[in-house]
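First the structure, in the form of structure tokens, and then the observations on it.
Taken together, the values in this text are just the output of simple stated rules run on the coordinates, not laboratory data. These numbers come from a predicted model, not from an experiment. Quick reminder, even Gly has a Cβ in these numbers, built from the backbone with ideal geometry, and neighbours come from all protein chains shown.
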Amino acid sequence: MSGGLVAGVDVGGTFTDLVVFDPASGGVRLAKVPTTLPNQSGGVLAAFEAAGADLAEMDLIVHGTTTTTNAVLERQLARTGIITTEGFRDVLELGRRTRPQAYGMSGRFVPIIPRDLRLDVPERMDARGRVVTPLDEKAFRDALAQLLQAGCEALVIHFLHAYANPAHELRAGEIAREIWPNAYVTLGHALLSEAREYERGVTAAVNASVQPVLERYISRLAGELAARGYGRDLLVMNGNGGMVAAQNVAREAVKTVMSGPASGVMAAVATGRRAGMPDLLTYDMGGTSTDVAMIRGGVAPVSNEIEVEYAMPIHVPMVDVRTVGAGGGSIARVDEGGMLRVGPDSAGSAPGPVCYGRGGTLVTISDANLILGRLPAQRFGQAAEAARAAMQDQIARPLGLGVEQAAEAVVRIANTHMAGAIRMVSISMGADPRDFALFAFGGAGPLHAVALARELAVPRVLVPARPGITNALGCVVADLRHDFVRTLNRPLDALDMAEVAAILAGLEAEGRRLIAAEKVAVRDVRAEFSADMQFLGQTHLLRVALPGAAPSRESLQALFEAAYHARFRVDLPEIRANLMNLNVSVTGRRAELDLSRLIDPAGRRALVAPSGQRRVWFEDGWQEVPVYWRDHLPLDLDLTGPAVIEQMDTTLLVEPGCRVTSDADGNLIVSVTG
Amino acid sequence: MVDPVTLAVIQAGLQQVCDEMDLTFSRAAFSPVIAEADDRSDGIYSAEDGSLIAQGSKGLPVFVGVMQFSTRTLIERIAAGVTAAPEPGDIYIVNDPYLGGTHLMDVRFAMPVWRQGRIWCWLSNTGHWPDTGGMVPGGFSASAISAEQEGLRLPPVKLFKKGVLDAEIWAIICSNIRVSDQRIGDVKAQASALMVGAERLAALLDRYGDGTVGAAVAQMRDLAARQMRAKLALIPEGRYRATAVIDSDGVVNAPLIIALAVTRAGERLVFDFSGSSLPCAGPMNSVRATTLSSVYLAVRHVFPDVPISAGAFEPLEVVGIEGTFLDAHYPRPVSGCAAEVSQRIAEAVFAALVQAIPDRVTAAPAGTSGNFGLGGTDPETGAGYVMYQISGGGYGGFAGGDGISNGCSTIGISKAPPVEIMEQKYPVLYRRYALHEGSGGAGQYRGGFGLDYEIELLRGMARASFVMDHGRVGPQGVLGGGDGAVNRVEIHRQGAPVLVPEHLSKAQDIVLQAGDRVRVRTPGGGGYGAPADRDPARVAEDLALGRYGTAEAARLWPGKP
């Protein structure tokens, strides 16, 4: 028995967010409750309770979780052993010959599996997959026994060149399944069948060591939801922006490591699609860092080469979200030369900015925003004074500036750095930021978005109706998605174009088959095709979107040359093109949810009336600026900044001269001038 | 005076121009050494004297400061009429080591940025070309005795004239380098980086005004100098001596000595290298620009938050290199200067400064690029190949922590290629790729571990060459710590005794047959502080993880395990 409701629930570092849609009535319910650690399910259940949502009425619950992210970053991992090719037990510790920073010779690196749980056995394939040394099964059994004896719960089998011939890994897997007491056995080639032993090994090791952690959490949560009346499958957000059933999620647990950021991007895709803005730069500014992603043509970018921290590459398809080391807690200081610096050090959430009153003493970006009137002073009480004093002592006095000028300087420099970082992200993906709109969310995103857009020459800022629950929304609007890559690595001139067409069609059919087998209703299924190309002899690739599944040789060469010139300003008629990969993404689009009621229409008012005003500092000094309560704004809104628009969990700052309108979903669109 | 806010914004803007040039260069390049290993750097230099205004933060550290010397030389030659004056769209190419460079493989491009018909500044970049001719593929000859043997040497000439590649100069270059067919891609990538940089810089100048940006540049220089002086004030006044040793020059089997005395006197830090060895016969000479740059990069490793600009270098004074192998002149061979000598210079700087500011400096890192070249013809394909294995080593222990294992060279940031990729491309099989057990120098904080690898030639015949270092003495421990393990090279030929190269870490053209093996163990880092002060739990952990043998640990940390 269910009532047809659809819920997205996202567990973040601080809050657990829930959004529940009733597709029949269009009704929406929201909740934001504190995240509970270490068992996140407490917060999830509390969110349903806070929203007054009856679990028995849910038709679908999609869950985004940071369980695996936290497990990796805090090394709260299951005890995991690895068995490798003889002579290669140290691959996970040696890495690729790097250091943590370009400058500075100290630092620390903890391999994901310690050396005493890394064993090796005689076996060897060569690079073409021919057997050099057969698998020593006796030695392998002994190694298994040794790891079990050492108390390992999960196991990785990682042999050299298994991507070329997995026979030894498969046989070892068979033996392991006879002996190993559970299903936590990961074969190196199974997740990622590509050369590069370090990257493949780390990916497999992360998968194995988070499997038990994730499975325990999800099965407990599923049990508790069922006990309260939820009768359907629990779905979990994957890092690729698609979703997967709870009972299957642990098998490829590593794919959930970027679950949270991916769902934010999926919400942006859905919001932008409805708003008629398919090209977006997403900008999620938090306390210590800012996540940036680039959406082109309504499609979230997927990368196979994410590095979640120093020397921790995870090479499975995940939404390509780049993290920039600047957030509200980034610390401002005057260096020994008298130059003002912002970041990279951060006060984080503990002790946090001075204005949080939790013991922070170093002045941060959030403190500067408060001093400039951009955040509501009443929320901070006494600590607001402390922030002012800190700005005076640490920045204003050394630079010979007033407190407000000092705070403005901090914000401007922070914006310059963030804009630069966003520009580098877009350029490294081969695009010009000026062709995009900025999608601002997260607690601090809307505060800086308009200034950033101006810095980047981005013409429009899109602020969704509920910036603070974007990730939960992403869970509920995400599509079913399957990505396929086929590596050809052949010169364009040597390609059999009929084979290309056959590969593209075959992968599309496989994606359609998988989607049909899932238990979630979809509105339609579509396929996107692209090719990763380069000039013969290059190592980097440029992705070229293909108009259909049967491209001609000439069109491939022309599309690639045009893309190359746009990126690098040079032509290379001397050299022919090489086609590395064909990519097919098959997406099952779910019925579109009505996002127009994320802000309750009953609360909207006919007239644009400020709920108050306050002093906000802009370049020329203090200005009395009208403050609007977002939930009251009418859908035919048309106002010109300066203005402050506040809502429950964020503040939008509209700079002087910029125009704000609303669309039918209640998204605010800021046209940036100057 | 530019206000402090605009100043900081312009500084960040100039930095981004450089970072974008770095990124463009790597993404468009064809050679893996640039595209994958980022062996390149881009920067902005003043119109007057070529002094450094800003440089990309992801550029190869050894190029810090080098290009300001080559740009200055170019400006001087133009003023003297030796080199033709530029017109808009011109790009110069130069790789002459003695005109402000490193080794021949580091090819520099320079292009003026024009504003209202005058040169406002120069953009320049350096890329490591995979080959510039000479007696061995790749240019790292261990036994060259003159510059001509090392490759094609280009004085500054206009490779692009009014935006068009000069086909005649290009044809001369192509006839003198190996695998020239793909170099056109690298040349265009290198030029593309400068063009993208010029576009971005013009946008910055348009926005803030040429005058304001010019004033900001002058102020940035002063502020960087002031910041460096403030850092130097952390160093107690005094004289700190250190020595670093290079195994040999590859030709004459005797050590080369870098003798350094660092003096902090008032607001200056003086690096006096007098007493260092004389110019050598083999390729382990350094040129002036590389020597200075090595000092700068070492100081930057110690104070990483001082921005890279000419101002930061002002308080640093390098003296006493005239007449030594650290200031070699034509025709002394120099192929080892950027990869090896530079790292020994940095080691000497670390060893001197750790005495003064022990909390900020590590014990010596492995400090060798570990170049192992293997060339031959694969009988299975009939194609010739040149394989390069570079490898990392242990870093030094430091106040509060053990050294990193298998870190990259001090002067580099490049990753080593995966074993699986090497085996796909070359007829070799790695028998081992493991931690060099026992290699970390003992100490309160031990050194990191080097690498222990063994490569078997699978087919045909090949010639092996080595340009490495630290075979004679290991990376030095400090404050009572022990040295890291030395670099070892062994050639295991079937049915023959193990061969160790006469020069330990350097050799050229050692013939290998199928089935022969080469084993290399790279140095561990130096230990920091007295072993007696090490936490016994850490000794026990290293033992449990098999990083040291029981007897070895008992010898290095008596009574601890």
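Points to keep in mind about this one:
- Long pairs among B:Lys415/B:Lys560; B:Lys158/B:Lys425; B:Lys506/B:Lys560; A:Lys32/A:Lys519, criterion Cα-Cα beyond 32 Å: B:Lys415/B:Lys560; B:Lys158/B:Lys425; B:Lys506/B:Lys560
- Note on A:Asp636 and A:Ala521: the extension gain reaches 38.0 nm, defined as 0.36 nm multiplied by sequence separation minus the Cα-Cα distance.
- Amide H to amide H, with H built 1.01 Å from N, B:Val428 comes under 5 Å of B:Leu458, counting only residues 5 or more places away or on other chains.
- The alpha-carbon of B:Lys161 sits under 17 angstrom from the alpha-carbons of these lysines, leaving out residues fewer than 8 places away in its chain: B:Lys188.
- Using θ = phi - 60° and Karplus 6.51 cos²θ - 1.76 cosθ + 1.60, couplings along segment A:266-280 (whole Hz; Gly, Pro as x): 5, 5, 5, 4, 5, 5, x, 4, 5, 7, x, 10, x, 10, 10
- Fraction of beta bridges assigned by DSSP in segment A:611-671 that are antiparallel (%, nearest 5): 85
- Computed [θ] at 222 nm, deg cm²/dmol, chain A (DSSP H ≥ 4; -39,500 (n - 2.57); rounded to nearest 500): -9500 deg cm²/dmol
- Rel. contact order, % - alpha carbon contacts under 8 angstrom, at least six apart, chain B: 12
- Between segment A:44-76 and segment B:45-118, the Cα center-to-center distance that results, in Å: 58
- Segment A:480-589: Rg to Rh, with Rh as the Kirkwood radius over Cα pairs: 1.04
- Taking Cα atoms only, the orientation of helix A:167-179 departs from the longest principal axis of chain A by about 80 degrees.
- For residues of A:198-209, the mean tally of beta carbons on other chains within 10 Å: 1
- Looking at the protein assembly as shown alone, DSSP beta bridges between its own residues are antiparallel in about 80 percent of cases.
- Of the three principal axes defined by the Cα atoms of segment B:202-296, the extents in descending order read 59, 36, 14 Å.
- Looking at segment B:426-528, the GluC sites (Glu not before Pro) that sit in a DSSP loop and have at most 14 other Cβ atoms within 10 Å of their own Cβ are B:Glu502.
- Percent RCO, i.e. relative contact order, over chain A, from Cα pairs under 8 Å lying at least 6 residues apart: 11
- Electrostatic bookkeeping for A:Ile395 treats Lys and Arg as +1 and Asp and Glu as -1; over the other residues with beta carbon under 15 Å from its beta carbon, the sum is -3.
- The antiparallel fraction among DSSP beta bridges confined to chain A stands at about 75%.
- A simple rule links phi to the HN-Hα coupling: the Karplus curve 6.51 cos²θ - 1.76 cosθ + 1.60 with θ = phi - 60°, which for segment B:146-155 gives 8, 4, 4, 6, 8, x, 6, 10, 10, x Hz, with x for Gly and Pro.
- The phi torsions of segment A:180-186, fed into the Karplus equation with coefficients 6.51, -1.76 and 1.60 and a -60° offset, translate into couplings of 5, x, 9, 9, 7, 10, 10 Hz, rounded to whole numbers, with Gly and Pro shown as x.
- Net charge dipole, chain A: roughly 280 debye, given to the nearest 20, about the Cα centre with Cβ charges of +1 for Lys and Arg and -1 for Asp and Glu.
- For A:Gly12, distant residues with modelled amide H under 5 Å away: A:Asp17
- Taking 16 Å as the straight-line reach from the Cα of B:Lys58, the aspartates and glutamates in range (excluding those fewer than 8 positions away in the same chain) are B:Asp19, B:Glu20, B:Asp22, B:Glu36, B:Asp38, B:Asp39, B:Asp42, B:Asp305.
- Rounded Å value of the spacing that divides the Cα centres of segment A:429-456 and segment B:461-538: 52
- Spherically averaged projected area in nm², based on the convex hull that wraps the Cα atoms of chain A: 31.7
- Alpha carbon centroid spacing (whole Å) that separates segment B:321-359 from segment A:229-243: 59
- Simple rule: put +1 on each Lys or Arg Cβ and -1 on each Asp or Glu Cβ in the protein assembly as shown, find the dipole, and look at B:Ile44, A:Ser41, A:Thr65; the Cα lying farthest toward the positive end is A:Ser41.
- Modelled label reach - B:Arg207, point 7 Å along Cα→Cβ, segment A:413-452 residues with backbone N closer than 14 Å: A:413-424, A:433-434, A:451-452
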